[in-house]
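The values are calculated or read from the model by the stated rules, or taken from the named source; none is laboratory data. Quick caveat: nothing in here was measured; it's all calculated off a predicted structure. Cβ coordinates were reconstructed from backbone atoms using ideal geometry, including for glycine residues, and neighbour counts include every protein chain displayed.
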Amino acid sequence: MNTETTPRAPDARDQLRSAGLRVTQPRIAVLEWLSGHPHSTADQVATATRARLGTVSTQAVYDVLAACTSAGLLRRIEPAGHPARFETRTGDNHHHLVCRICGHTQDVDCVRGQRPCLDPADTAGFAVDEAEVVFWGRCPDCLAASAGQFTG
């Protein structure tokens with residue numbers, strides 16, 4: 001009999017307690033939603049949270065996102081020209097691909113080397129500990145949609 005077990009990821013309650021945050025239903029709902037729906041906007045999170053809990057104000061969701069981001073449980077990414085997006089994947093210095101057309105966002109692991117992945121030519125005296133890179137392009141769906149169009 002195999003006695004090995006895969007370590008389970010901490011659940012939302014454990015994460016909140018470890019971060020020193022109160023365990024509330026909106027916080028649990030937000031963390032659980034984002035664990036399965038990375039790169040969601042605040043509006044998407046609010047809609048999903050309301051579907052799960054019933055009534056919850058938009059401000060309450062923004063407050064949860066801010067508290068969890070400050071505590072290091074969430075990462076906020078802000079692709080230029082698109083709404084901020086949130087994810088539970090934190091602390092590993094990964095990067096993102098962003099579609100210029102629809103805003104679809106995808107994780108990209110470190111490009112090369114050790115943290116911070118990229119070495120600037122000149123640090124200007126900074127102690128660099130993180131690099132944030134956004135690769136821009138068109139996602140497969142937008143590429144396929146544009147392939148069907150022609151300029152007449």
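Brief remarks follow.
- Those strands (runs of 3 or more DSSP E) of region 1-116 in which 1 or more residues are surrounded by 15 or more Cβ atoms within 10 Å (Cβ to Cβ) and either among the polar types (S, T, N, Q) or at pLDDT below 95 (or both) occupy 75-77, 95-99, 105-108.
- Tally of residues being within 23 Å of Ser18 (Cβ to Cβ), among the β-branched types (Val, Ile, Thr) and under 11 Å from the mean Cα position of the chain (by Cα) across region 28-75: 1
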